[in-house]
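Here the structure is laid out as structure tokens; the discussion comes afterwards.
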Amino acid sequence: MAKVLIVGGGGREHAIGRAMLASPQVTAVYCAPGNPGMTLTGIQCVAIAEMDFVGLGDFVRQAGIDLTFVGPEAPLAAGIVDYFETEGLPIFGANQAVARLESSKVFAKDFMRRHQIPTADFTVFHDTAAALAYSQQAPLPQVIKVDGLAAGKGVTVAKTHAAAEHAITAALAVTQTILIEAFMAGFEFSQMVLVGGDRFCLLPTAQDHKRLLDDDHGPNTGGMGAYSPVPQITLAIRQQTIEQIIKPTIAGIKADGATFNGVLYVGGILTATGVQVIEYNLRLGDPETQILLPQLRGDFYQVIVDLCHHRQPTLTWQTAATYLGVVLATPGYPDHPQTGGAVPTLPTADYAGVSGTPQHLVSAGGRVMMVLAQGADLATAQRQAYAQLAQLDTGQLQFRHDIGWQGLTTAAFEQ
């Protein structure tokens, strides 16, 4: 029987922990550092920071952990997998070399250009004056991206030159490198892939909702809700994504001399000319994971063990229902989250930025929980989720009221 350690402390890690606990092979799941909301599910929290690689390694040895699964991007970018592998400790996640596909947008765009993977045209800038001069003559909208990790919030879609100027000036005041990309119009989706060497398997397609407010208004966030599957992403579009993006990406990593066990997350967009890559992540998405892993009909622990040994796993996903989740966040999120407010207790929710006790949770970060529902179709799942929310005392917590709207209203491009 197996023991599993999940590195991280958010809703994604809560969902990974649930999936691991559902395995008949798993007797205990630990999460470091975790959060008190996870204990409602039977996950045991360990007070070790996600960046304390030595402390995590010591715990793995002492507790007899059989597998470590890394949730967030920061420890991956900092080399947790490299450290564990040097210590001979089994771990699932991208090593530091591969994690650069997320931790550096310039590296990722150069990789895509080198391996002929479809993505938007881009120009890199280190100087504010040069970036502003380019922006003033470039067509609108423009996409301004910070080069490094930004917790999903380092992107500005500027619809005016004044907005672009503000974004460029603000970004280059705190970082040395930005990208200005051509805007791609289309239907965005998230396609996650579990990879073990040359072997890979796809999760169902999902759609995230990045903007804070209804109708996609307000600032970018880490994600305010998600649903899956996505009606507009047909089997033909999914196959196009595999052939033109996923397979060339995995082959490109190998061609560049790197090895890869972990998650490839393609932030894709379906345009009039086909599927293109908006960005790569090298970990499961948050909040998408929370509505993806419950769809697995099988042993998630065995899937990951197989991939770690470069064996093709057997996966079965449900196809009868749509899953939808709504994120609740503190007032002031994402720029100035106010902490210390009450957070409702719901055993079926996935918890993130909370402290306190399981029965008396309080906010300790921006996004605090996600309410999940399923239904025979997207409209039903949406109604079920908001019916649950109506029964909760959400206080001043903020959430969107339209999660799933694009899936209900947007027509896909014919492919």
Top-ranked residue of the stretch 283-329 - restricted to ones that are surrounded by 21 or more Cβ atoms within 10 Å (Cβ to Cβ) and among the hydroxyl-bearing types (Ser, Thr, Tyr), ranked as nearest to Thr339 (Cα to Cα): Thr289
Scope the stretch 57-67; condition crowded, with 17+ Cβ neighbours inside 10 Å and either closer than 25 Å to Gly148 by Cα or small (Gly, Ala, Ser) (or both); matching residues: Gly57
Hits in the stretch 304-333 - residues which are assigned to a loop (DSSP other than H, G, I, E, B) and under 30 Å from Thr380 (Cβ atoms): Thr314, Leu315, Thr316, Gln318, Thr319, Ala320, Ala321, Thr330, Tyr333
Positions within the stretch 20-42 being outside any strand (DSSP E or B) and surrounded by 24 or more Cβ atoms within 10 Å (Cβ to Cβ), in sequence order: Met20, Gly34, Asn35, Gly37, Met38
Positions within the stretch 396-410 being at pLDDT 95 or above and either at positive phi or part of a loop (DSSP other than H, G, I, E, B) (or both), in sequence order: Gln396, Leu397, Phe399, Arg400, His401, Asp402, Ile403, Gly404
Hits in the stretch 68-81 (condition: in a helix (DSSP H, G or I) and either surrounded by fewer than 17 Cβ atoms within 10 Å (Cβ to Cβ) or of a type in the set (A, V, I, L, M, F, W, C) (or both)): Ala74, Leu76, Ala77, Ala78, Ile80, Val81
Strands (runs of 3 or more DSSP E) contained entirely in the stretch 342-391, each with at least 2 residues that are surrounded by 19 or more Cβ atoms within 10 Å (Cβ to Cβ): 360-363, 367-375
Candidates Ala171, Ala97, Ala131, filtered to the one that is assigned to a helix (DSSP H, G or I) and either without any contact (Cβ under 8 Å) to a residue 24 or more places away in the chain or within 20 Å of the chain's Cα centre (by Cα) (or both): Ala97
Qualifying residue in the stretch 250-269 (condition: under 21 Å from the mean Cα position of the chain (by Cα), surrounded by 17 or more Cβ atoms within 10 Å (Cβ to Cβ), of a type in the set (S, T, N, Q) and not in a strand (DSSP E or B)): no
So Gln290, is it outside any helix (DSSP H, G or I), more than 27 Å from Ile144 (Cα to Cα) and in contact with a strand residue (DSSP E or B) (Cβ under 6 Å, 6 or more places away or on another chain): no
Failed criterion for Gln136 (all others in (1) surrounded by fewer than 16 Cβ atoms within 10 Å (Cβ to Cβ); (2) assigned to a strand (DSSP E or B); (3) polar (S, T, N, Q) hold): (2)
Residue that is modelled with pLDDT of 95 or more, touching a Ser or Thr at 6+ places or on another chain (Cβ under 7 Å) and on the phi > 0 side of the Ramachandran plot, where the choices are Gly340, Gly375: Gly340
Some residue of the stretch 110-124 being polar (S, T, N, Q), modelled with pLDDT under 95, more than 30 Å from Gly57 (Cβ to Cβ) and over 25 Å from the mean Cα position of the chain (by Cα): yes
The stretch 316-325: number of residues that are touching a Lys or Arg at 6+ places or on another chain (Cβ under 7 Å) and not polar (S, T, N, Q): 1
Residue within the stretch 217-227 that is part of a loop (DSSP other than H, G, I, E, B), buried (at least 20 other Cβ atoms within 10 Å of the Cβ), at pLDDT below 95 and in contact with a Phe, Trp or Tyr (Cβ under 8 Å, 6 or more places away or on another chain) present: yes
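The values are calculated or read from the model by the stated rules, or taken from the named source; none is laboratory data. Worth saying up front: this structure is predicted, and the values here are computed from it rather than measured. Backbone-built Cβ (ideal geometry, glycine too); neighbour counts: all protein chains shown.
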